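Throughout, read-outs are computed from the coordinates displayed, never taken from laboratory work. Values in this document were obtained by computation on a predicted structure and should not be read as measured data. Backbone-built Cβ (ideal geometry, glycine too); neighbour counts: all protein chains shown.
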Amino acid sequence: MSTTIKVSVDDKVGTLELDNFAKRNALGAATVDEMLHALRAFERQGVRAVVLRTAELRDVWSAGHDIDELPVRGVDPLPFADPLEELLRAVRGYPGAVIAMVHGTVWGGACDLVLNCDLVVGDETAAFAVTPARLGLPYSASGIQYFLARLPLNVVNELMMTADLIPAERAYAVGILNRLVSGDRLLDSTYDLARKVRSRSGDSIRAYKLQATTFVRAVALSAQDSQWINQLRHDVYSGDDYAEGISAFREKRPPDFA
């Protein structure tokens, strides 16, 4: 039985609710595993649109990757087999629309999760931050590729280099949000959109989405470039900044990246 999410289906519209507020809906391995099982169940049931939301509307939508589960210095913190990376691939590969409904702040890996959804509806409290620069963490190459496909370069630069929150109005202006609505309209607007998608051709949407995600990944790298990227990331997660960033987070103090 699920303990950190809630799952329901109504007329081929599925709802997946994050419900682990004791940890600010952090995307730890257990929660991610539950979400993956839910998405697989939705696919078996022919769910055509999935709403990803929180069980309650609180200040934080999700704190992102569970920092307590990140490895120590010298080990890649975001390998291909990382549970969150698997979840991102599952969302991109889901054969229907995945719609994020956002109230509150979205941090780190949760921002990546929202941006991997097909559509995003948020209210005036929605704000987004990508936080590896706060931790000295090298972001995954696939994650950077997807961000660059999803947003303008200057916006990705701002997210990655400042690690500051981008508030709702600017998030809408730069394309993070498809729709920005008032808080009292968030629920209705999201499910109106989900029902509209559900009413369209499922075969057409599936074919479109699988082609689109393939095109996004269609960047050819030489073996030399791939090796260089791997070495670049290795140097960061084996370095002093990553060790300091993780220690500072766990000790609840500002990091000193001297």
*asked:* List the residue ranges in the chain for DSSP H helices whose C-alpha atoms run 18 angstrom or more along the long axis and whose Kyte-Doolittle average is -0.5 or above.
replied: 29-44, 186-199, 202-217
*Pop the C-beta distance of Ser247 and Asp33 into the FRET formula with R0 = 30 Å and round what comes out to the nearest 0.05.*
0.60
*Once the piece of chain linking Asp68 and Arg40 is laid out straight, how much longer is it, given 0.36 nm per residue of separation minus the C-alpha distance between them?*
7.4 nm
*Residue-averaged [θ]222 nm for the chain, counting only DSSP H segments that reach four residues, each worth -39500 (n - 2.57)*: -14500 deg cm²/dmol
*Under a plain spin-label model, where a point goes 7 Å from the Cα along Cα-to-Cβ, how far apart in nm are Glu124 and Ala258?*
4.5
_Arg195-Ala149 pseudo-label distance in nm [points 7 Å out on the Cα-to-Cβ vector]_ = 3.2
_Those lysines that a straight Cα-Cα span of less than 25 Å connects to Lys196, excepting residues fewer than 8 apart in one chain_ = Lys6, Lys12, Lys209
_Highest average packing first - 72-82, 15-25, 93-103, Cβ atoms within 10 Å_ = 93-103, 15-25, 72-82
*Segment Val75-Leu57, extension gain: residue separation times 0.36 nm, minus the distance between their alpha carbons*: 2.9 nm
*In nm, what is the difference between 0.36 nm times the number of residues separating Thr3 and Glu169 and their Cα-Cα distance?*
56.4 nm
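Can you give me the relative contact order of the chain as a percent, contacts being Cα pairs under 8 Å and 6 or more apart? Could you put the intermediate results ahead of the total?
Numbers: 447 pairs, mean separation 51.6, N = 258.
Answer for the chain is 20 percent.
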*Point-to-point label distance, Ser226-Ser204, nm (Cα→Cβ direction, 7 Å offset)*: 3.7
*Which net charge results when you count Lys and Arg as +1 and Asp and Glu as -1 among the other residues whose beta-carbon is under 12 Å from that of Arg217?*
+2
*With a 10 Å radius around each residue's Cβ, average the other Cβ atoms per peptide and rank 110-119, 168-177, highest first.*
110-119, 168-177
_Separation between Cα centres of region 38-114 and region 133-178, rounded to whole Å_ = 16
*What is the calculated FRET efficiency for His234 to Ala22, with r their C-beta to C-beta distance and R₀ = 30 Å, to the nearest 0.05?*
0.30
